[in-house]
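The values are calculated or read from the model by the stated rules, or taken from the named source; none is laboratory data. For clarity, every value in this text was computed on a predicted model and none was experimentally measured. Don't worry about glycine lacking a Cβ; one is built from the backbone with ideal geometry, like all the others, and counts go over all protein chains shown.
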Amino acid sequence: MNRKLLIPAFILALLFSSSAFAIDKSQVKEKWHTPFDLYLTAQEAYDLKTSKPDEVLFIDVRNRPEIHYIGMAEQIDANIPFYFDSTEWKLKKDGVHGTFRKIRNTDFEAAVENALRSKGLTKESPIIIMCTSGSRAPRAARALHEAGFKQVFTQVEGFEGIKAKEGENKGKRVVAGWKHEGLPWSYDLPASKMYFNFDPKALEERPKEEK
């Protein structure tokens, strides 16, 4: 007589829980912590999305020039920039180097909710956020937390990875990250995943935030 293997319900729930994919908070830089405390490596983000393609929203919060010239993960559901570029230059503390100021996308939270609805999901559903190197995603996650979203993961190494601290590639983004882990990506950008709700004339009216 054949006997079926019975797995307790709580174990099944753990195996199929989104949080089962997350790395421990202690492995994440404190400045990248979020109110959700849900963090993923690039591989874990891939595993979670591909295991539950219709239950998880995966968004890239980089701006459009970034994804145009650097590429985008094939598993992304939508590109929804958290910041836009401006033409205003900001010097760093060394007084020599600098960067262009970023302009906060005030439509971000509403656009994420719309993306959820398009997949038949709600603000309770799992969301994965990817940026360039892991510093922008926590800010986007905090904004979603304030807006009432319930389960937001940040991909801690971003699409390009983090900067090497030593060696011939010191200062270059060659450590971990979606690209360097060999996960699927492309320069081809599907129109259905792009963000088009953008008015350049409105940039000066939007609040400015530091990168």
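So ARG139 ticks every box in (1) at pLDDT below 75; (2) under 21 Å from LYS31 (Cβ atoms); (3) among the basic types (Lys, Arg) but one. Which box is left unticked?
Checking ARG139 against (1) at pLDDT below 75; (2) under 21 Å from LYS31 (Cβ atoms); (3) among the basic types (Lys, Arg), the one that fails is (1).
For GLN75, state whether it is under 28 Å from SER125 (Cα atoms) and touching a helix residue (DSSP H, G or I) at 6+ places or on another chain (Cβ under 8 Å).
So GLN75 fits the description; yes.
Sort out which residues of segment 136-151 are crowded, with 18+ Cβ neighbours inside 10 Å, out of contact with any helix residue (DSSP H, G or I) (no Cβ under 8 Å at 6 or more places or on another chain) and farther than 14 Å from LEU40 by Cα, and write them in order of number.
Selection gives ARG136, ARG139.
Counting only residues that are under 26 Å from LEU183 (Cα atoms) and at pLDDT below 85, how many does segment 74-111 have?
Matching residues across segment 74-111 total 0.
State which residue pairs qualify: first residue under 25 Å from LEU48 (Cα atoms) and assigned to a loop (DSSP other than H, G, I, E, B) and inside segment 160-182, second residue at pLDDT below 75 and of a type in the set (D, E, K, R) in any location, beta carbons under 6 Å apart, and separation of 6 or more residues or different chains.
GLU160/ARG173; GLY161/ARG173
Kindly evaluate LYS119 against the criterion of being farther than 21 Å from MET194 by Cβ, more than 16 Å from the chain's Cα centre (by Cα) and surrounded by fewer than 20 Cβ atoms within 10 Å (Cβ to Cβ).
Criteria not met by LYS119.
Which members of segment 122-133 meet the condition of being farther than 17 Å from PHE84 by Cα and touching an Asp or Glu at 6+ places or on another chain (Cβ under 8 Å)?
LYS123, SER125, PRO126
Is there a residue in segment 137-152 that is closer than 24 Å to PHE108 by Cβ, of a type in the set (D, E, K, R) and touching a Gly at 6+ places or on another chain (Cβ under 8 Å)?
Within segment 137-152 (the criterion being closer than 24 Å to PHE108 by Cβ, of a type in the set (D, E, K, R) and touching a Gly at 6+ places or on another chain (Cβ under 8 Å)), the answer is no, since none of the residues qualifies.
Return a yes/no flag: does segment 22-35 have any residue that is under 20 Å from LYS179 (Cα atoms), outside any helix (DSSP H, G or I) and of a type in the set (Gly, Ala, Ser).
Yes.
Within segment 83-103, identify whether any single residue is in contact (Cβ under 8 Å) with a residue 40 or more places away in the chain, in contact with a strand residue (DSSP E or B) (Cβ under 6 Å, 6 or more places away or on another chain), outside any strand (DSSP E or B) and surrounded by 21 or more Cβ atoms within 10 Å (Cβ to Cβ), and answer yes or no.
Scanning segment 83-103, I find no residue that is in contact (Cβ under 8 Å) with a residue 40 or more places away in the chain, in contact with a strand residue (DSSP E or B) (Cβ under 6 Å, 6 or more places away or on another chain), outside any strand (DSSP E or B) and surrounded by 21 or more Cβ atoms within 10 Å (Cβ to Cβ), so the answer is no.
Just give me the residues in segment 52-82 being buried (at least 23 other Cβ atoms within 10 Å of the Cβ) and out of contact with any strand residue (DSSP E or B) (no Cβ under 8 Å at 6 or more places or on another chain), in sequence order.
Correct list: PRO81 only.
Out of all the residues in segment 123-135, which are modelled with pLDDT of 95 or more and surrounded by fewer than 24 Cβ atoms within 10 Å (Cβ to Cβ)?
Within segment 123-135, LYS123, GLU124, SER125, PRO126 meet the criteria.
Test of understanding: among LEU48, LEU5, which residue is surrounded by 13 or more Cβ atoms within 10 Å (Cβ to Cβ) and either in a loop (DSSP other than H, G, I, E, B) or modelled with pLDDT of 90 or more (or both)?
Every option except LEU48 fails the conditions.
Within segment 53-67, count every residue that is at pLDDT below 95, assigned to a loop (DSSP other than H, G, I, E, B) and more than 13 Å from the chain's Cα centre (by Cα).
Residues meeting the conditions: 0.
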